Amino acid sequence: MKVGVLALQGDVREHISSLIACGVDAVPVRRESEIQSIDALVLPGGESTTIAQLSEVFGIYDLLKQRIASGMPVYGSCAGMILLATEILDAKVGQKSFGGLDISVRRNAFGRQVDSFESDIEFADGSHELIRAVFIRAPWVEKVGDAVQVLASIDSHPVAVRSHTALATSFHPELTGDHRIHRYFIEHVARPALEKVK
Amino acid sequence: MAEVTGTGRVKRGMAEMLKGGVIMDVVNAEQAKIAEDAGAVAVMALERVPADIRAQGGVARMSDPDMIQKIQAAVSIPVMAKARIGHFVEARVLESLGVDYIDESEVLTPADYENHIDKFDFTVPFVCGATNLGEALRRINEGAAMIRSKGEAGTGDVSNAMQHMRKIGGEIRRLSSLREDELYVAAKELQAPYDLVKEVAQTGKLPVVLFTAGGIATPADAALMMSMGADGVFIGSGIFKSGNPAQRAAACVKATTFWDDPKVIADASRGLGEAMVGINVADLPAPHRLADRGW
């Protein structure tokens, strides 16, 4: 499986290391041909307004939107979650997302950087083991569509959600050296979705 | 479920999210919006850009809280602000305003010529300037969660930024080549804590994100810094002291992302109008060189 990490801005390197640790081929992608060549995509942490804008400027916005809509497995952390949302609350005027995950996301919902925090959370992967989650100016999910499952919450705000082909987290597993979320994406989202297509 | 704020991971992680981006100096809400629209990953709110501080002289201090809050209200991207070196009360004020990052900056007039701020004592993260590896590690030892090479702010002359990036990179490469029993003396020579020196020798990089700053005025300047190994770029006077700030800002963002693609940089460089006029660093008398502040 070849997984691309959208490399317009953000913590691309950390996602690539986590994916490689999960045993998949991981590459940064910025160009049309690179995006065409991948089986699955990760949208990294970063500044969602900057990433969305650069994707338009460099003419890959439509391609990304279309590949995600047609079922390419995708995982987004923090800014990546915002970029996957069908609705963005507290968005910059005119801010676009790629869509693909039927959720409403509130940007910077947990506050400014002084409110950024880490915490142990329960992630519903069936293991009942806690995950150390790092939240940085993080968004939360306010509304989920029928086909979306909530995998983790903080104070009743969903912070990890999935559909058949998409996974999104408000937090940054790529910063902790704990690869369980990436492995979950590979084994429980991307692989089943790709096998179904075959 | 205990939620812990202000941890090293949260502070350093915030800088990781800015990687590959451009942070722009802005003096009012209107400029902040232009920067956000151009794709800046953050803005630095300050009353006078370095070029004006240089031209007008006098003591340069923390900005008016009103002005910072107007900028915070105007944009959704992170807002940084500058405190004077060693001025921990200015830093407390900025923290209370909820700025996302504090730049303990040599561009302002230092408040303490011996000590920097104890940055571990704050919830808000700090970025500090450095001209060499020893200085960078001393700042990290005081709690800096991000480093920027200093360059010579407010000049539009990129030569000092280049010199500082080469120096930091060269010293890191040298450490990686040393035997473990040579690192003690290396730490002494760098005037930096042994543990940090050892960590850099093992990983071959700084333990925090390294941006570059000072004198960057064109898309090609930004790309040059990225190709020297910078994780991202601060642009101060270069944007809003130029002929067409919106277009130049967007062009610098493009060139920072596609720093390794000369065609993209060429396209971004077309028809930008006048760049800031600039001052050659060599023409600046030594007392007016900001990069020498900090130790």
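The values are calculated or read from the model by the stated rules, or taken from the named source; none is laboratory data. Computed from a prediction, not measured in an experiment: that's the story for all the values here. Cβ placement follows ideal geometry from the backbone for every residue including glycine, while neighbour counts extend to all protein chains displayed. Just the protein is used for accessible areas: all its heavy atoms, side chains included, with ligands, DNA and RNA removed. Shrake-Rupley method; radii C 1.70, N 1.55, O 1.52, S 1.80 Å.
Quick notes on this one:
- Antiparallel DSSP beta bridges within region A:59-198, as percent of all bridges there, nearest 5: 70 percent
- Accessible solvent surface per residue of chain B, calculated while the other protein chains remain in place, 1.4 angstrom probe, Å²: 38 Å²
- Here residue B:263 is the anchor, and the lysines within straight C-alpha reach of less than 23 Å, apart from those fewer than 8 places off in the same chain, are B:19, B:254.
- Share of carbon and sulfur in the accessible heavy-atom surface of the protein assembly as shown [1.4 Å probe, %]: 49 percent
- In this structure, the amide hydrogen of residue A:120, modeled 1.01 Å from its nitrogen in the peptide plane, lies closer than 5 angstrom to those of A:133, B:2, counting only residues at least 5 positions away or on a different chain.
- Rounded to the nearest whole Hz, the Karplus-based 3J(HN,Hα) values (6.51 cos²θ - 1.76 cosθ + 1.60, θ = phi - 60°) of region B:21-26 follow the sequence x, 10, 10, 10, 6, 9, with x at glycine and proline.
- As an equivalent ellipsoid, region B:144-295 spans semi-axes of 32, 18, 11 angstrom, where each value is the square root of five times an eigenvalue of the C-alpha gyration tensor, largest first.
- When the pairs B:119/B:241; A:92/B:119; A:96/A:143 are compared against a 21 Å limit on Cα-Cα distance, B:119/B:241; A:92/B:119 fall above it.
- The mean number of partner chain beta-carbon atoms within 10 angstrom of a residue's beta-carbon across peptide A:105-118 is 6.
- Peptide B:66-78 shows a mean partner chain C-beta count of 2 within 10 Å per residue C-beta.
- Pairwise burial B:A, computed as accessible area of each alone minus the pair, summed, 1.4 Å, Å²: 3400 Å²
- Accessible area per residue for chain A is 37 Å², calculated with a 1.4 Å probe on protein heavy atoms, without ligands, DNA or RNA.
- Loop chymotrypsin sites (Phe, Trp or Tyr not before Pro), region B:66-166 (other Cβ atoms within 10 Å of the site Cβ: 15 or fewer; DSSP): B:113
- Backbone amide hydrogens, once placed in the peptide plane, bring residue A:29 within less than 5 Å of A:5, A:6, A:7, excluding anything fewer than 5 places away on its chain.
- Bridging of residue B:198 to lysines at a Cα separation below 19 Å is possible for B:167, B:188, once same-chain residues fewer than 8 apart are set aside.
- Residue mean of other protein chain beta carbons inside 10 Å, B:6-14: 6
- Here the Karplus curve 6.51 cos²θ - 1.76 cosθ + 1.60, taken at θ = phi - 60°, turns the phi angles of region A:187-192 into couplings of 7, 10, 10, 5, 4, x Hz, with x standing for Gly and Pro.
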